[in-house]
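The values are calculated or read from the model by the stated rules, or taken from the named source; none is laboratory data. In this text the structure is predicted, and so the values were computed from the model without any measurement. Please note: Cβ atoms are built from the backbone with ideal geometry, for glycine as well, and neighbour counts cover all protein chains shown. For accessibility, only protein heavy atoms count, side chains too; no ligands or nucleic acids. Shrake-Rupley method; radii C 1.70, N 1.55, O 1.52, S 1.80 Å.
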Amino acid sequence: MVGFGSAIANLRGVLRQPEAHEVVDGETVPVGMLLGTLGTLLLDAGSSVTDVRSALEKARDAAGIGPELAVGVLPALVIVSETSTGAATIVNAEGVELSFRQAARANRLVLGLESGSIALAEIPARVRAIRDGTRPPAPLPWVLGNALTSAGLAVVFRCPWWAILVALGVGAVVGVIGLLLRRYREAVAVVPFLAAFVSTAVVGLVAAGTGFDHVPLFAVCAPVAVFVPGALITNALLELTAADIVTGSARLMQGLIILGFMAAGIAAGSAVTGLHVDPTSAALVGEVAGVGNDLAGWESVPPYWLSWVAVGVLAIGIGLVFGAGWKLTAASIVVMVLAYALVSGLAPLVGSVVATGIAAAVLFVATRWLERLVPVIPATVSFLPAFLLLVPGTVGLVAVATFDPESLATPLATFVSLCVGTKIGGLLPGLFARRTPTH
């Protein structure tokens, strides 16, 4: 009986709320609930569980609470537990995707908590203010953003003129499909398949009608680039390397499933139209400078200098799709041009795969430095567009679609290089930070 009574006492200790509290609008609120509310906001903003846990621990420490509150993060919830008793507070994410502007505001909130300029008690009101700005994507910016993103990628990766024009039009069509179907929760999983099928079918019909024999990879993949889970898979690998095994594995599986749906869409579109996509055209960013042909007219490739302009167009398209606003879009243009310059300059020296990792490390540090100078441009938001340029998601898509092992090895190596570069970039500021001497 003594053992049973002890078990009941322990169970009550686990179920009761943590003792650390803050007064919010005259009411006592557990600190675990405050941190959980902030964490779920960051999850909906697209942050990895590793970054969310780090942000919550820094906010906790800045408030002088210390490690007596342990933070656990999963893809859809945050758990804050009291280490002495095991009492836990669980907060579920709303699952509503936030825009880049909302993500920027969320990151500014985190910075304020870390610096101590914002108190924990202010979290509920500030989170409500950020979430109140959630709106469905406006039709025109969404469709135009998809079209510009598609055309920008087609130019950056040196597609012929006919493919660029087709990518512009198909990107707009795919944007309309995504806009209509995203309203229905059940249709979210089908959108990648339909987008890939429509893109492949239209390109196949145009190629068959015009007699163009060579169909490059990005003629098919550029219109669906927004749906390619390259960033999701890379974040999954980053979480796996940070020992977040459960979350990293779940995200990796989710990304591979989406990639499989898109590959099935490409395969179905190719079967219907008889299209053959050349897997050897799956060039990375550092390899596009040497891409060209001797053909004339619509089959000719634009001059290389237009690729630099297209990087800016791509940044504008991404900004429209993800609701970045003009300030964040301007920052994205600068960061993406820098990323393109770094990879293009380093690739002839160290290879495209290694160059991508080096660029990721440099950009990670640069965006952190920019964040300190201009707090309204958080590093996570300014780094993401460049991250989308570096991630070889579309290259991996064609590798899966064509079952070509050589093509698959390249994106896998680049994913690893990105992870290593990002990890090193996150480590460098801490290594070179000026430490306060102890007496």
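Could you tell me which of the residues Ala151, Ala121 is open to solvent by less than 60 Å² (accessible area, probe 1.4 Å), in contact (Cβ under 8 Å) with a residue 60 or more places away in the chain, in contact with a strand residue (DSSP E or B) (Cβ under 6 Å, 6 or more places away or on another chain) and part of a helix (DSSP H, G or I)?
Exactly one residue qualifies, and that residue is Ala121.
Scanning the stretch 224-247 for residues that are in a helix (DSSP H, G or I), farther than 22 Å from Pro192 by Cα and of a type in the set (A, V, I, L, M, F, W, C) yields Leu238, Leu240, Ile245, Val246.
If you check Leu363 against the conditions, is it open to solvent by less than 10 Å² (accessible area, probe 1.4 Å) and out of contact with any Ser or Thr (no Cβ under 7 Å at 6 or more places or on another chain)? Yes: the conditions hold for Leu363. So which pairs qualify, if the first residue must be in the stretch 48-64 and within 30 Å of Gly255 (Cα to Cα), the second must be open to solvent by 50 Å² or more (accessible area, probe 1.4 Å) and hydrophobic (A, V, I, L, M, F, W, C), the Cβ gap must be under 8 Å, and the two must be at least 6 apart or on different chains? Every condition considered, the pairs that remain are Val49/Leu74. Is the stretch 254-265 home to any residue that is modelled with pLDDT of 80 or more, of a type outside the set (Lys, Arg), surrounded by 15 or more Cβ atoms within 10 Å (Cβ to Cβ) and closer than 30 Å to Glu371 by Cα? Yes, that holds for at least one residue. Restricting attention to the stretch 366-385, the residues that are open to solvent by less than 40 Å² (accessible area, probe 1.4 Å), within 20 Å of Phe322 (Cα to Cα) and in a helix (DSSP H, G or I) total 7.
If the condition is being in a helix (DSSP H, G or I), small (Gly, Ala, Ser) and in contact (Cβ under 8 Å) with a residue 24 or more places away in the chain, then the stretch 249-279 contributes Ala250, Gly255, Gly260, Ala263, Ala264, Gly265, Ala267, Ala268, Gly269, Ser270. Restricting Ser307, Ser332, Ser300 to those that are of a type in the set (S, T, N, Q) and at pLDDT below 85 reduces the list to Ser300. The number of residues in the stretch 212-243 being farther than 30 Å from Val202 by Cβ and surrounded by fewer than 24 Cβ atoms within 10 Å (Cβ to Cβ) comes to 6. I'd like to check something: does the stretch 206-228 contain any residue that is of a type in the set (Phe, Trp, Tyr) and within 18 Å of Trp142 (Cβ to Cβ)? Within the stretch 206-228, one or more residues are of a type in the set (Phe, Trp, Tyr) and within 18 Å of Trp142 (Cβ to Cβ).
If you go through the stretch 178-205 one residue at a time, how many are more than 21 Å from Val96 (Cβ to Cβ), open to solvent by 10 Å² or more (accessible area, probe 1.4 Å) and of a type in the set (A, V, I, L, M)?
If we filter the stretch 178-205 for residues that are more than 21 Å from Val96 (Cβ to Cβ), which is where we start, we get 193-205.
Of the ones still in play, those that are also open to solvent by 10 Å² or more (accessible area, probe 1.4 Å) are 193-194, 197-198, 201-202, 205.
The next check asks that each one be of a type in the set (A, V, I, L, M); those that pass are 194, 198, 201-202, 205.
The qualifying residues number 5.
In the set (1) more than 30 Å from Gly72 (Cβ to Cβ); (2) more than 18 Å from the chain's Cα centre (by Cα); (3) among the β-branched types (Val, Ile, Thr), the condition left unmet by Ile245 is number (1).
Pull out all pairs, ordered by first then second residue, where Cβ-Cβ is under 6 Å, the residues are six or more apart or on different chains, the first lies in the stretch 220-234 and is charged (D, E, K, R), and the second is assigned to a helix (DSSP H, G or I) and surrounded by 24 or more Cβ atoms within 10 Å (Cβ to Cβ). As it stands, the answer is none, since no pair meets every condition given.
Kindly indicate whether any position in the stretch 26-37 is within 29 Å of Val381 (Cβ to Cβ) and open to solvent by 40 Å² or more (accessible area, probe 1.4 Å).
Taking the stretch 26-37 and keeping what is within 29 Å of Val381 (Cβ to Cβ), we get 29, 31-37.
From the residues that got through so far, the ones that are open to solvent by 40 Å² or more (accessible area, probe 1.4 Å) too are 33.
Yes, the conditions are met somewhere in the stretch 26-37.
If the condition is being aromatic (Phe, Trp, Tyr) and free of Cβ contacts under 8 Å to residues at least 24 places away in the same chain, then the stretch 329-375 contributes only Trp369.
Of everything in the stretch 99-153, what is closer than 10 Å to Val321 by Cα and of a type in the set (S, T, N, Q)? Give them in sequence order. Once the filter is applied, which keeps residues that are closer than 10 Å to Val321 by Cα and of a type in the set (S, T, N, Q), the stretch 99-153 yields Ser99, Asn146, Thr149. Output yes when any residue across the stretch 187-201 is free of Cβ contacts under 8 Å to residues at least 40 places away in the same chain and in a helix (DSSP H, G or I), and no when none is. Yes, the stretch 187-201 contains at least one residue that is free of Cβ contacts under 8 Å to residues at least 40 places away in the same chain and in a helix (DSSP H, G or I).
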